[in-house]
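The values are calculated or read from the model by the stated rules, or taken from the named source; none is laboratory data. What you see is a predicted model; the values in this text were computed from it and never measured. Counting neighbours? That spans all protein chains shown, and the Cβs are built from the backbone with ideal geometry, glycine included.
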Amino acid sequence: MKQILFSLLFISCITLCKPAHRVQIMHEKCDIGQLTVICGPMFAGKSEELIRVIRRAQYAQKIVLVVKHEFDDRTSATDVASHNGNTITAHPVTDAEDIIRLAHESDCDILCIDEVQFFSDNIVAVICKLLDEGIEIIVSGLDQDFRAMPFGQMPTLLALADEVIKLTAICTACGQQAQKSQRLINGEPAKFDDPILLVGAQESYQARCRNCFYIDKKGY
Ligand SMILES: [Zn+2]
């Protein structure tokens, strides 16, 4: 009797764990979008990493939509550009809602957003909607502003991310790993109460470690 019961239990387990069931679950999971956030200070190679990921996806024959905020025109109005000279063409966008239209028009598999911290608060809702539609999304941006405070919607995006790639730069002052972006105006550290957004030339900012970063007052 014990042997019969054991056999029935064993057959039930085999039925529940049959490969077709597992494949179906894996297929369902593949239809859910994934969010990757690449973050760090200036000169950490965030755009370079984004360009690398985009090129890999293009080699894999994926449809990749690349967007950037129109406000970020430091090197080109239509390119994502890294500090070492690599570029990739991007759609300049002002309103985050326009990204939904571009994603639908392109029928993209992967959406990449460079300098995502420049977008207004509705970027979070836009990203979540497109993730629900099964689009893989990779964003890059500054996690801290020049005051070393969390930048725009980056804290929310970091919390929602499935994967976070946090990069560091090299401190201009001491050569250690740098997590901060030091803003300099006429060679002097900017004041805490200065405007947050100043997209400017490279000489306006330096990568700094926690010890070498300076701001006239703390925000926390
Ligand atoms: Zn340092």
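A few points about this structure:
- Contact map, the stretch 203-220: residues that are without any contact (Cβ under 8 Å) to a residue 12 or more places away in the chain paired with residues that are within 8 Å of the ligand (Cβ to nearest atom), Cβ distance under 7 Å, separation 6+ or inter-chain. No pairs are found.
- Candidates 81, 90, 103 - the one that is at pLDDT 95 or above and not β-branched (Val, Ile, Thr): 103
- For the stretch 204-219, the tally of residues that are within 9 Å of residue 148 (Cβ to Cβ) and of a type outside the set (D, E, K, R) stands at 3.
- Test result for residue 167, buried (at least 18 other Cβ atoms within 10 Å of the Cβ) and modelled with pLDDT of 95 or more: yes
- Pairing residues of the stretch 129-145 that are at positive phi and surrounded by fewer than 21 Cβ atoms within 10 Å (Cβ to Cβ) with residues that are modelled with pLDDT under 95 and of a type outside the set (Gly, Ala, Ser), at Cβ distances under 9 Å and at least 6 apart in sequence or on separate chains, gives 134/30; 134/31; 134/32.
- Taking the numbered list (1) modelled with pLDDT of 95 or more; (2) surrounded by fewer than 17 Cβ atoms within 10 Å (Cβ to Cβ); (3) over 25 Å from the mean Cα position of the chain (by Cα) in turn, residue 188 passes all entries but (1).
- Wholly enclosed strands (runs of 3 or more DSSP E) of the stretch 104-220 bearing at least 3 residues within 16 Å of the ligand (Cβ to nearest atom) and out of contact with any Pro (no Cβ under 6 Å at 6 or more places or on another chain): 180-185, 205-208
- Taken together, the residues in the stretch 109-128 that are crowded, with 20+ Cβ neighbours inside 10 Å and more than 16 Å from residue 150 (Cβ to Cβ) amount to 7.
- Any hit, the stretch 28-48, residues being at pLDDT 90 or above, among the small types (Gly, Ala, Ser) and more than 19 Å from residue 119 (Cβ to Cβ): yes
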